[in-house]
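Each reported figure results from applying straightforward, stated rules to the coordinates on display, with no laboratory input. Fair warning: this is a prediction, and the values are worked out from it, not measured in the lab. In this analysis, Cβ positions are derived from the backbone assuming ideal geometry, glycine residues included, and neighbour counts consider all displayed protein chains.
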Amino acid sequence: MTQIAFIGLGNMGGGMCSNLAKAGHDVRAFDLNAEAISRVVAQGAVAAGSVAEAVAGAEAVVTMLPAGKHVKSVYLGEDGILSAAKPGTVFLDCSTIAVEVARETAKAATDAGFLMVDAPVSGGTAAADAGTLTFMVGGTEAAFERAKPILEVMGQKIVHAGASGNGQVAKIANNMLLGISMIGTAEAFNLAEKLGLDAQTFFDISSTASGQCWSMTSYCPAPGPVQTAPSNRDYQPGFAVDMMLKDLRLAADAANAADVQSPLGAMAEKIYAGLSESGQGGLDFSGVILRLKNEI
Ligand code: NAD
């Protein structure tokens, strides 16, 4: 069994860390929030008093932090992971952060003699708890091979997307498409309804025609056709507007830096930002259909 340090025990990290402990790994857990540590200790992890204490002696370090600035400070800061880990340790950053920050951090780690992958996830807290996440992984073949058995405990599908940063590329490009396709799907259902076609009839036709997409068939924003969709539980998340907005902003920054045109990504960002600014950041992102109907 592997000695693993786990830093960042929030909504996602809590379940992921617990799954590693329950699988029998020796997990040393740290978070700034003491309650978050207690929750994973109840599942078999050992509490650490600092990043350095969690990392001392670890063969692998997993991080699940809110944003790039936290990742930079936890890895590169004073008493951070790089200064506390033993040579040859593999680092797995599962946070969703900018491609550039992921590449800079991995370069600093490899220059210092460590292995590192970016391994952002698809799937929400339910998948984190159940150990059924999808991991999109960027890094060398050697780093991926070391990270894979650990990721397999926390996820169902592990994809090596290529070099360092490519996990983040896959994540933000996919979520940009998702944000756009949800708005398009919502527009189509609103138009059909306004012109006299009920949601179920439109779904039956379009879900097997050329308008078909995941936002329609798995997560339909109009209540009715897809039982498990947040539209059937007052748009409780699921995947909140603020989470989608974060990913669309990362995609927009990356598109600007790479000089790639992304007019629909920019429009989607504007629409979700409007929802967030009006106090609807906690709503499921498919609730955008209500905004397009002027209901919220
Ligand atoms: P969260 O805010 O619930 O958890 C983050 C945790 O990190 C908190 O417990 C916080 O105390 C801790 N933390 C922050 N700075 C720290 C530091 N310096 N040292 C130790 N601990 C520190 O966030 P989350 O929902 O678990 O999301 C984590 C990451 O996963 C984010 O990058 C998010 O974009 C991504 N993500 C989230 C979801 C989701 O559905 N929640 C889905 C996919 C990806």
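What the table shows:
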| quantity | calculated |
| --- | --- |
| Cα centroid of segment 265-283 to Cα centroid of segment 147-212, whole Å | 18 |
| Contour minus Cα-Cα distance for Thr132 and Ala47 (0.36 nm per residue) | 28.1 nm |
| Aspartates and glutamates with Cα under 19 Å of Lys157, excluding same-chain neighbours fewer than 8 positions away | Asp93, Asp118, Asp129, Glu141, Glu145 |
| Among Ala23, Ala266, Ala85: highest mean-square fluctuation, GNM of the chain, C-alpha pairs under 10 Å | Ala23 |
| Gaussian network model of the chain, springs between alpha carbon atoms under 10 Å - residue of Ala142, Ala163, Ala254 with greatest fluctuation | Ala142 |
| Theoretical FRET efficiency, 1/(1+(r/R0)^6), r = Cβ-Cβ of Gln236 and Ala23, R0 41 Å, to 0.05 | 0.85 |
| Radius, Kirkwood style, for segment 169-292 when every pair of distinct Cα atoms is counted (Å) | 14.6 |
| In nm, spacing of pseudo-spin labels at Glu100 and Gln156 (7 Å Cα→C-beta vector) | 3.6 |
| Distance-filtered residues of segment 83-118 - backbone nitrogen under 17 Å, label point 7 angstrom along Glu145 Cα→Cβ | 88-91, 114-117 |
| Nearby aspartates and glutamates by direct alpha-carbon distance to Lys246 (threshold 15 angstrom, same-chain neighbours under 8 apart not counted) | Glu269, Glu277, Asp284 |
| Mean separation of Cα contacts under 8 Å (6+ apart) over length of segment 234-286, as relative contact order % | 63 |
| For the chain, diffusion coefficient by Stokes-Einstein and Kirkwood Rh (Cα), 25 °C, 0.890 mPa s, µm²/s | 123 |
| Rg and Dmax of segment 3-163, Cα atoms only, in Å | 13.8, 37 |
| Cut-off 18 Å (backbone N to label point 7 Å along Cα→Cβ of Asn33), residues of segment 281-296 | 281-283 |
| Gaussian network model of the chain, Cα within-10 Å springs - most flexible of Ser231, Ser18, Ser73 | Ser73 |
| Cα-centre dipole for the chain with unit charges at Cβ (Lys and Arg positive, Asp and Glu negative), debye to 20 | 160 |
| Per-pair calculated FRET efficiency, R0 = 22 Å: Ser278 and Glu187 via Cβ, rounded to 0.05 | 0.70 |
| Candidate lysines - alpha carbon under 21 Å from Lys107, same-chain residues fewer than 8 apart omitted | Lys69, Lys72, Lys86, Lys148, Lys171 |
| Dimensionless Rg over Rh [segment 142-221; C-alpha; Kirkwood] | 1.19 |
| Contour excess over end-to-end distance, with Cα ends at Thr125 and Ala266 and 0.36 nm allotted per residue | 48.1 nm |
